[in-house]
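Accompanying notes for the structure given below.
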Amino acid sequence: MFYFTYINKKKILKSDMLECVEHFFTTRETCIKSKEPDYERIVGANKKDICEYLNIAPENLITPSQTHTANVAVVQPEIKSYPDTDGLILTNSEQAVFLNFADCTPVIFYDRKQNIGAVSHAGWRGTAQKISYLTVKKMVSEFNSNPKDIIAVIGPAISKCCYNVGEDVFQQLKNTISVHNGLFEEREGSLYVDLKGINRQQILEAGVENIDVCPYCTVCDNDLFFSYRKENTTTCRHSAVLKLN
């Protein structure tokens, strides 16, 4: 179940399935990614608050250059730049990672036994390339994670109610999973997909059983989160943040 709490009296969103590790999704109030001039001061203040909350130095708050790939990298303490990367696996407690979203699907993973985690960015392109599935598989192959020990939390994203796509995208996404129940819909001549549900199914097919799916839609709940579609290609983003204990 998801619930709101606060950093310096500003909202963040958490899942009670991940109480064992520090994680959250920022909201409009706690935005730490934007190219809008009006947000420059806000972003700076929010990053300062978040670093203090996480008890890390600002240079240890790491984010990649997201380009809608299925590339997943392992964070190294000496490396601060991760180009063309849409998933980061974190194995140390000195750094924190965040990825940015405005309709795409954020996924936070945590392995309770190995104390490692990951954050992945699954827009339709990343989902078509099965980035959620591949993130789990990389945790298994490189760190010997057992999928049954992994918790996955799928954050706020555009929901099926609002996400209409073309035939090509519809078919590409359909081909990524073996179970389609309720995830694809034709409505009044338009095609709609459940991006959160498709990622959930990919994660299930990777062997993960413990999954929490956020009910918030970035279009319907635009007062809380940013929407690229609804806000005319805004550069503001909400973020998925993870720090290990």
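Summary of computed values
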| quantity | calculated |
| --- | --- |
| Tally, over segment 202-224, of residues that are more than 17 Å from His23 (Cβ to Cβ) and crowded, with 21+ Cβ neighbours inside 10 Å | 3 |
| Selection within segment 230-239 - of a type in the set (S, T, N, Q) and assigned to a loop (DSSP other than H, G, I, E, B) | Asn232, Thr233, Thr234, Thr235 |
| Some residue of segment 137-153 being polar (S, T, N, Q), within 12 Å of the chain's Cα centre (by Cα) and under 25 Å from Phe25 (Cα atoms) | no |
| Some residue of segment 161-170 being at pLDDT 95 or above, part of a loop (DSSP other than H, G, I, E, B) and of a type in the set (S, T, N, Q) | no |
| Pair list, Cβ < 8 Å and 6+ apart or interchain, from segment 161-190 residues that are closer than 18 Å to Ala206 by Cβ and in contact (Cβ under 8 Å) with a residue 40 or more places away in the chain to residues that are charged (D, E, K, R) and exposed (fewer than 13 other Cβ atoms within 10 Å of the Cβ) | none |
| Failed condition for Ala70, given (1) part of a helix (DSSP H, G or I); (2) in contact (Cβ under 8 Å) with a residue 60 or more places away in the chain; (3) of a type in the set (Gly, Ala, Ser) | (1) |
| Tabulated pairs, segment 130-143, first outside any helix (DSSP H, G or I), second surrounded by 19 or more Cβ atoms within 10 Å (Cβ to Cβ) and among the aliphatic types (A, V, I, L, M), C-beta under 7 angstrom, 6+ apart or interchain | Lys130/Ala70 |
| Test: residue in segment 10-19 that is touching a Cys at 6+ places or on another chain (Cβ under 6 Å), more than 14 Å from Val241 (Cα to Cα), assigned to a strand (DSSP E or B) and not aliphatic (A, V, I, L, M) | no |
| All positions within segment 95-125 that are more than 25 Å from Glu231 (Cα to Cα) and either acidic (Asp, Glu) or part of a loop (DSSP other than H, G, I, E, B) (or both) | Gln95, Asp111, Arg112, Lys113, Gln114, Asn115 |
| Considering residues of segment 30-79 that are closer than 19 Å to Thr233 by Cα and either touching a helix residue (DSSP H, G or I) at 6+ places or on another chain (Cβ under 8 Å) or of a type in the set (Lys, Arg) (or both) only, the residue surrounded by the most Cβ atoms within 10 Å (Cβ to Cβ) | Ile32 |
| Out of Thr30, Thr5, sole residue that is within 18 Å of Tyr216 (Cα to Cα) and part of a loop (DSSP other than H, G, I, E, B) | Thr30 |
| Filter result for Ser227 (on the phi < 0 side of the Ramachandran plot, assigned to a loop (DSSP other than H, G, I, E, B), surrounded by fewer than 22 Cβ atoms within 10 Å (Cβ to Cβ) and among the small types (Gly, Ala, Ser)) | no |
| Number of the condition not met by Ile198 [criteria: (1) outside any helix (DSSP H, G or I); (2) closer than 26 Å to Asp221 by Cα; (3) β-branched (Val, Ile, Thr)] | (1) |
| Criterion: outside any loop (DSSP other than H, G, I, E, B) and out of contact with any His (no Cβ under 7 Å at 6 or more places or on another chain) - qualifying residue of Lys35, Lys48 | Lys48 |
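Residue-by-condition table, conditions (1) on the phi < 0 side of the Ramachandran plot; (2) of a type in the set (Gly, Ala, Ser); (3) touching a Lys or Arg at 6+ places or on another chain (Cβ under 6 Å):
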residue: His23; (1), (2), (3): yes, no, no
residue: Thr30; (1), (2), (3): yes, no, yes
residue: Asp38; (1), (2), (3): yes, no, no
residue: Asp84; (1), (2), (3): no, no, no
residue: Leu88; (1), (2), (3): yes, no, no
residue: Asp103; (1), (2), (3): no, no, yes
residue: Pro106; (1), (2), (3): yes, no, no
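The values are calculated or read from the model by the stated rules, or taken from the named source; none is laboratory data. Since the model is a prediction, treat every value here as computed from it, not as a measurement. For neighbour counting, all protein chains shown are included, and Cβ atoms are generated from backbone atoms with ideal geometry for every residue, glycine included.
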